[in-house]
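Chemist: Dropping the structure in here first, questions after.
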Amino acid sequence: MSSICELSDDLLVKILSLVKTKDAVATSLLSKRWLSLWKLVPRLDYVTTPWHSSDPSSDFINNFLLLSEAPVLETMHLRLGYFCKREEHERWVEIAVARHVRVLELIHSTYPSTPMPCPSSLFTCRGLVVLSLQEVMIWEIPSTIFLQSLKTLSLLCVRFCSRRDDELVHTLLSACPVLETLVVRRWLEDCVTTFNIAVPSLQSLYIMHRPGGHVQTDDRECVINAPSLKALKVSDELSWFRLLVEMPKLVKAEIKIRQDDSKKLLRCLASAKHLSLCVTSAKQLLTEKSVENLCQLEYLELCTICSSDWLCLLLKHSPKLRVLRLNNQTSQRNCCGSSRKIRVKWEEPCCVPECLVTSLETVEWIGYEGTETEKEVAIYILEKANHLKKMTISRHITNLREKYRTLIDLVSRLSCCASKCRLEFVRL
Amino acid sequence: MSSNKIVLTSSDGESHEVEEVVARKLKIVGPMIENDCPDKAIILQNVTGKILALVIEYCKKHVDDDQVDASEEAKKKLKDWDEEFMKSPDLETFVKLMQASNYLNGLLGLTCQSVEDSIKDKSVEEIRESFGLENEEEEAIPRNTLELLKTQDLRCFLNPNNCFRFFL
């Protein structure tokens, strides 16, 4: 009679490393063979149940660390709540560091938020490759900090308390020579005015939107100096955002921000093949010169609520454009915060943009409202785009008649004979 | 180069001719091709013919895995195929398949994943059943050890449901 127990210890431990620690330990009940196998698993994960009246997390984590016989503790994921004591937390991190942890996640979640002080032993963990912190407070960083292997860093709602303005962020980031991925989520209480991200090795940056329903804009800033960046995603519309250098390796950029200097912004994003823009700012002066380097663009998404003025210029200077997506969504959580309420002002360009003639294949219009200007734009594209395969219009409708009216309005005004393009309607 | 055929031979003499790119999905094969003469058949000592046939079937299906352009539909179909593939063998074949995947260093992710699925969120009895441990009297933990486990600090680890159902 064959059984899984015939497999080697190595293989069984490999399998146990895939399941949650709770389940792995429970296998000690299966048979003699399994009694101590879980102790060799180099991984600890614990998620607290916040509604538990007596929090067993201390016991669990303490006992695991005590009984574990794995030569190295590779991964530690802790999701903790109220009952976590500072001294215990510090001890756990020290143990993890001493046991050569490579992936460390310290996620705290309390309401009202009381960030957990970050143990300084963390900063001298040489083997650390992935670090994820949430609701943690960084008081001081030892001068011996050197995170030489850190490739991925996640700072979600982290508070930096320092005497001199904003130095802690800089100290932390400059101690990571091989950092490739950075995820940041700012919040009201991060005590940082200018979040300076100057990381020469950085390849991927994601600045998440602020938690909660804050609508207050403020004078805080995010300044980026990352010349090796390949992917950029920014969804923070409440702080100012500045790009300092051009990024020649950039492939994809999704930007949803307030912005002062659009010219500089577009110049830095010039190499992108995939661009998504939602830029609400006071001045929108965009000249030919600032857009002329954008010739690599293949996919463009534009928020028509705030950035629609740029449509003409962008079409003109993106000869390789294949997909165009116009976003007019007003009802989503992440919708545009612009108060300008300027709709697309359309002037037919004097000569047909090259992308319409040679490359544009797909157009999507989300939140189409059927205004005159929108119809003009849609018809212009339908008529002039020789290679257009599909145009999809998504609109809020209450009955089918509105759907047909939208389509007929467009089709009836098309002057040329049947184009090869498919016109589709999707109900929002 | 791309239509190079490699012959893989099992421990009991069954031979299968496959394309080089399919054979290379098994990481153990790469160095063997480079070191030995590529014309010689590769003998896989620890794998029987029946198991080798299954492994090759998997490799052929996954030969295009590295292509990034797969559509969502294609990915889902492949995932469904993987699930069926893992469900069909009986326990004995499955164990041999796991050992083979470890030795050949290929399809390990899938085999480990399917064992993980039989542990995750299951009661101890259910796990014992899927692992083929029901009739293993000598493998069972002696009563006194169980009692010890109950009282020890390990209690904080174990889901109470698991413990009590087992002791009954």
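Chemist: Between A:Val192, A:Val251, A:Val377, where does the largest GNM mean-square fluctuation fall for chain A, given springs only between Cα atoms within less than 10 Å?
Modeler: Most flexible of the set in this elastic network: A:Val377.
Chemist: Straight-line reach from A:Lys264: which aspartates and glutamates have Cα under 14 Å away, leaving out those fewer than 8 places along the same chain?
Modeler: A:Lys264 reaches A:Glu246, A:Glu288, A:Glu292.
Chemist: Give, in nm to one decimal, the length gained when the segment between A:Asn293 and A:Asp10 is fully stretched (0.36 nm per residue of separation minus the Cα-Cα distance).
Modeler: That works out to 96.4 nm of additional length.
Chemist: A further question follows. Mind giving me the nanometre distance, one decimal, between the label points for A:Thr358 and A:Gln329, set 7 Å out from Cα along Cα→Cβ?
Modeler: Going by the 7 Å Cα→Cβ label model, 3.3 nm.
Chemist: Using a 7 Å offset from Cα along Cα-Cβ at B:Asp64, what residues in region B:74-90 end up with backbone N under 14 Å from the label point?
Modeler: B:74-79
Chemist: Which loop GluC sites (Glu not before Pro) in region A:240-316, with loop taken from DSSP, have no more than 10 other Cβ atoms within 10 angstrom of their Cβ?
Modeler: Passing sites in region A:240-316 do not exist.
Chemist: Cα-Cα over 27 Å: which of B:Lys5/B:Lys87; A:Lys390/B:Lys75; A:Lys20/A:Lys249; A:Lys249/B:Lys25; A:Lys151/B:Lys76?
Modeler: Distance filter (> 27 Å) returns B:Lys5/B:Lys87; A:Lys20/A:Lys249; A:Lys249/B:Lys25; A:Lys151/B:Lys76.
Chemist: Longer than 27 Å from Cα to Cα, which of A:Lys252/A:Lys316; A:Lys32/A:Lys85; A:Lys316/A:Lys389 are they? Say none if no pair is.
Modeler: Pairs exceeding the cut-off: A:Lys32/A:Lys85.
Chemist: Need the list of aspartates and glutamates near B:Lys60 for cross-linking: C-alpha distance under 15 angstrom, and skip anything on the same chain fewer than eight residues off.
Modeler: B:Glu17, B:Glu19, B:Glu20, B:Asp82
Chemist: Between beta-carbons, use under 15 Å as the cut-off and find the net charge around A:Lys151, counting Lys and Arg +1, Asp and Glu -1. Walk me through the numbers before you get to the answer.
Modeler: Values: positive: A:Arg102, A:Arg126, A:Lys230; negative: A:Glu74, A:Glu105, A:Glu180.
Around A:Lys151, the surrounding residues sum to 0.
Chemist: Label points 7 Å out from Cα along the Cβ direction at A:Val411 and A:Thr193: separation in nm?
Modeler: 6.1 nm
Chemist: Given B:Lys27/B:Lys120; B:Lys27/B:Lys79; A:Lys233/A:Lys403; A:Lys273/B:Lys77, which pairs have Cα atoms separated by over 25 Å?
Modeler: From the list (B:Lys27/B:Lys120; B:Lys27/B:Lys79; A:Lys233/A:Lys403; A:Lys273/B:Lys77), the Cα-Cα distance tops 25 Å for B:Lys27/B:Lys120; A:Lys233/A:Lys403; A:Lys273/B:Lys77.
Chemist: Now, a different point. For chain A, with a Gaussian network of springs between Cα atoms less than 10 Å apart, report the residue from A:Ile257, A:Ile138, A:Ile379 with the top mean-square fluctuation.
Modeler: A:Ile379
Here, each number is a calculation from the coordinates, and none is a lab measurement. Quantities reported herein were computed from a predicted structural model and do not represent experimental measurements. Backbone-built Cβ (ideal geometry, glycine too); neighbour counts: all protein chains shown.
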